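Trainee: Structure incoming, see below.
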Amino acid sequence: MILLDSALLLIAIWASYALRLSNWSPAITPERLTLAIVAVTVAIPVFIRLGLYRSVIRYLPEAAIWTILRAMMIATVCWVIIIFLTEMTGRGIVPRSVPVLYFVLGTLLIGSSRFAAKWVLNIGTGMRRNEEPIFIYGAGAAAAQLARALRGHGNRYVMGLIDDDPTNHGRDVAGYRVFPPRDLRRLIERYGIREIVLSMSSIPPEARQAVIARVTGLGIKVRSVPDISDIVDGRYIVNQIREIEIDELLGRSFVPPDKDLLAKALSGKTVMVTGAGGSIGSELCRLIATWKPAKLVLLEASEYALYRIEQELTTKSGPEIVPVLGSVTDEQLVRRTIRTHRIEVLYHAAAHKHVPLVESNVLEGIRNNVFGTLTLAQTAAAENVSSFVLISSDKAVRPTNVMGATKRWAELIVRQLAFQARTSGSKQTFCAVRFGNVIGSNGSVVPLFKQQIARGGPVTVTDPDMTRYFMSIPEAAELIVQAGALSEGGDVFLLDMGEPVRIGDLAENMIRLAGFKVKNEANPDSGIAIKVIGKRPAEKLFEELFYNRDHAKPTAHPKIMRADASTITHQDLIGAIASMKKTIEREDETQARALLFSIIVGEDPSAAQYEVAQSPMQSSKAGLPQPSSSQTSLEG
């Protein structure tokens, strides 16, 4: 390249004299030859210093022309200075227009040589037989960079760009034609498009959701790529193309986490997470580890799940990780763990949550969800754990199944311990955080649908009109920790999960996102069918987060609401727990089920007796037994 540039600069000087003298054979005098050699000798070091030889020609950006202009300007100015000095010594005169012509011609020759070489090197990078034609949705800088990165690499060939901005329609961006979205169906048929890659992470969630909804019905795969600035240095952009996640269709507005609340809850604290290997528990652990706790204790009953999360979190720069294998129902283990590590903050995520399985295993569901919570909460109170947070469920509201009922009992137990702490003057806080389904959790419907789609269907739904609340696991973990930081004791926090999602619509969207059509009466010959199998035992058609939404109060966080502190009205929780313990010991499943719901079915849902505007300190007015101290056992 240096030799080529030297030759081109000599040609530029020769052409400058020829144009100035109107003679295509100007005389080559020793003075002119010396000045030409000096010009090249001055220019090449300038080119080296400005990086003209560091660029890979095949990937030379258009912006390189400005570097070439600057390099030629500096080289020309230096040459003019040398010409001025030689003229002062009386060694000949150079016409004043020659340096100007030299700058113009040199820039044209140096620049055109590089871009011509780039064009030659890129010949043959058109669509090959094994490449799939795709469109990129977006026409910004990120889309242009993605298109260039895909050129000649992988098995994708970019046919063009799609953009909503009408001012871009018909124009070329980075060498690719920009088409309007209304032509998508025609363009897909014309070019045989099999995939659309979305490069539009910077637009608002509402607009992004509208675009995804528009393209998912076209029978092609829809993928996404993050913003260029968000990609970790050294990772190649093409590898960042990923499947569209179903949570991108939920239309939920994103609220950044309150860093002050997270720091208040976690930084410098000794934290314990039960069910640390589960979906919510493991995400809680990942979040906690990033906020520099003094120590993170992982309690998990599954050996493999505990091993997996411990290996993931164990790093030289992270907090001390303490894995503890065992169940929350083991009182000795729980007490030893909390006392040995002096736990300050405890997140209780361990529970049996799969509705049909818990319905078939009533005694184990009660033993783990009710008495596990009782053991853990009582031990936390006795060992002066400063903050206890129960991970509850929307199924605890007017429950129709065993799992939901056990979660409601767990909420009431935590409420009772909060009341005891308040009456004894303790600064300990006990609270519960209630929310719906998290996308991708163990036993969730989303992974099941993905597996069924991968097998070619059918996708089985219990009832297409069934609705559920959905939230991403990372968002749920962040909100749980922030809710715990907001607790005043006895709170039931409700996470804003947006609008409920119809399961039939969820199944159809997931089929379309995978690039298939829905097989139905309108399309009987191809695609993936949706098969209705009927509701499972004790399953509700819709879930609720509130006993009475009007009684929910806002908090400092827009995504977290607080249900007004409640009582158990006329119900005797302490006596009910004592009776339940005896029933479990007798292994009387029928009586256990009846007793489980007896404390719930007497409630008047319209009166919202559990969440009336009343604080835990007022619970004695409703007949709740008064403990003598914070250490009083709920088992009587």
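Trainee: Taking helices (runs of 4 or more DSSP H) that do not extend beyond the range 162-267, which have at least 1 residues that are acidic (Asp, Glu) and modelled with pLDDT under 75?
Mentor: 205-215
Trainee: Continuing with this model, one more query. Please verify whether the range 441-450 includes one or more residues that are basic (Lys, Arg), touching a Gly at 6+ places or on another chain (Cβ under 7 Å), more than 22 Å from Thr555 (Cβ to Cβ) and touching a residue at least 24 places away in the same chain (Cβ under 8 Å).
Mentor: Within the range 441-450, none of the residues are basic (Lys, Arg), touching a Gly at 6+ places or on another chain (Cβ under 7 Å), more than 22 Å from Thr555 (Cβ to Cβ) and touching a residue at least 24 places away in the same chain (Cβ under 8 Å).
Trainee: Among the residues of the range 166-198, write down those that are more than 21 Å from Leu218 (Cα to Cα) and either surrounded by fewer than 14 Cβ atoms within 10 Å (Cβ to Cβ) or not assigned by TED's automatic domain parsing to the domain that holds Arg214 (or both).
Mentor: Passing the criteria: Pro166, Thr167, Gly170, Arg171, Asp172, Gly175.
Trainee: Within the bounds of the range 440-455, is there any residue that is buried (at least 19 other Cβ atoms within 10 Å of the Cβ) and farther than 21 Å from Pro356 by Cβ?
Mentor: Yes.
Trainee: For the range 32-47, state whether one or more residues are under 30 Å from Ala141 (Cβ atoms), modelled with pLDDT of 80 or more and not assigned by TED's automatic domain parsing to the domain that holds Leu146.
Mentor: yes
Trainee: Just checking, does the range 490-502 include any residue being closer than 17 Å to Gly281 by Cα, surrounded by 19 or more Cβ atoms within 10 Å (Cβ to Cβ), assigned by TED's automatic domain parsing to the domain that holds Val370 and in contact with a Gly (Cβ under 6 Å, 6 or more places away or on another chain)?
Mentor: No, the range 490-502 contains no residue that is closer than 17 Å to Gly281 by Cα, surrounded by 19 or more Cβ atoms within 10 Å (Cβ to Cβ), assigned by TED's automatic domain parsing to the domain that holds Val370 and in contact with a Gly (Cβ under 6 Å, 6 or more places away or on another chain).
Trainee: Just wondering, is there one or more residues in the range 382-389 that are within 25 Å of Lys582 (Cα to Cα), surrounded by fewer than 24 Cβ atoms within 10 Å (Cβ to Cβ) and out of contact with any strand residue (DSSP E or B) (no Cβ under 7 Å at 6 or more places or on another chain)?
Mentor: Yes.
Trainee: Return the residues of the range 91-118 that are touching a residue at least 24 places away in the same chain (Cβ under 8 Å), under 19 Å from Met1 (Cα atoms) and of a type in the set (S, T, N, Q); say none if nothing qualifies.
Mentor: Of everything in the range 91-118, those that are touching a residue at least 24 places away in the same chain (Cβ under 8 Å), under 19 Å from Met1 (Cα atoms) and of a type in the set (S, T, N, Q) turn out to be Thr107, Ser113.
Trainee: Search the range 297-324 for residues that are over 20 Å from Leu346 (Cβ atoms) and pair each with any residue that is of a type in the set (Val, Ile, Thr) when their beta-carbon atoms are under 7 Å apart and the residues are at least 6 apart or on different chains.
Mentor: Final answer for the pair search is Thr314/Ile321.
Trainee: Keeping to the range 122-142, report how many residues are modelled with pLDDT under 80, surrounded by 17 or more Cβ atoms within 10 Å (Cβ to Cβ) and outside any loop (DSSP other than H, G, I, E, B).
Mentor: The qualifying residues number 1.
Trainee: Within the range 292-300, is there a residue that is under 22 Å from the mean Cα position of the chain (by Cα) and assigned by TED's automatic domain parsing to the domain that holds Thr329?
Mentor: Yes: the range 292-300 contains one or more residues that are under 22 Å from the mean Cα position of the chain (by Cα) and assigned by TED's automatic domain parsing to the domain that holds Thr329.
Trainee: Now for a different question. Just one of (1) within 21 Å of Gly484 (Cα to Cα); (2) in contact with a Gly (Cβ under 8 Å, 6 or more places away or on another chain) trips up Pro464, so point out which.
Mentor: Unmet for Pro464, out of (1) within 21 Å of Gly484 (Cα to Cα); (2) in contact with a Gly (Cβ under 8 Å, 6 or more places away or on another chain): (1).
Trainee: Tell me which of these Tyr53 doesn't satisfy, since it passes every other one: (1) at pLDDT 85 or above; (2) within 20 Å of Leu8 (Cα to Cα).
Mentor: Failing condition for Tyr53: (1).
Trainee: Give the residues of the range 482-496 that are in a loop (DSSP other than H, G, I, E, B) and touching a Lys or Arg at 6+ places or on another chain (Cβ under 8 Å), sorted by residue number.
Mentor: Gly489, Gly490, Asp491, Asp496
The values are calculated or read from the model by the stated rules, or taken from the named source; none is laboratory data. Note that the coordinates shown come from a computational prediction; the quantities given were computed from them, not determined experimentally. Glycine also receives a Cβ, built like all others from the backbone with ideal geometry; neighbour counts cover every protein chain displayed.
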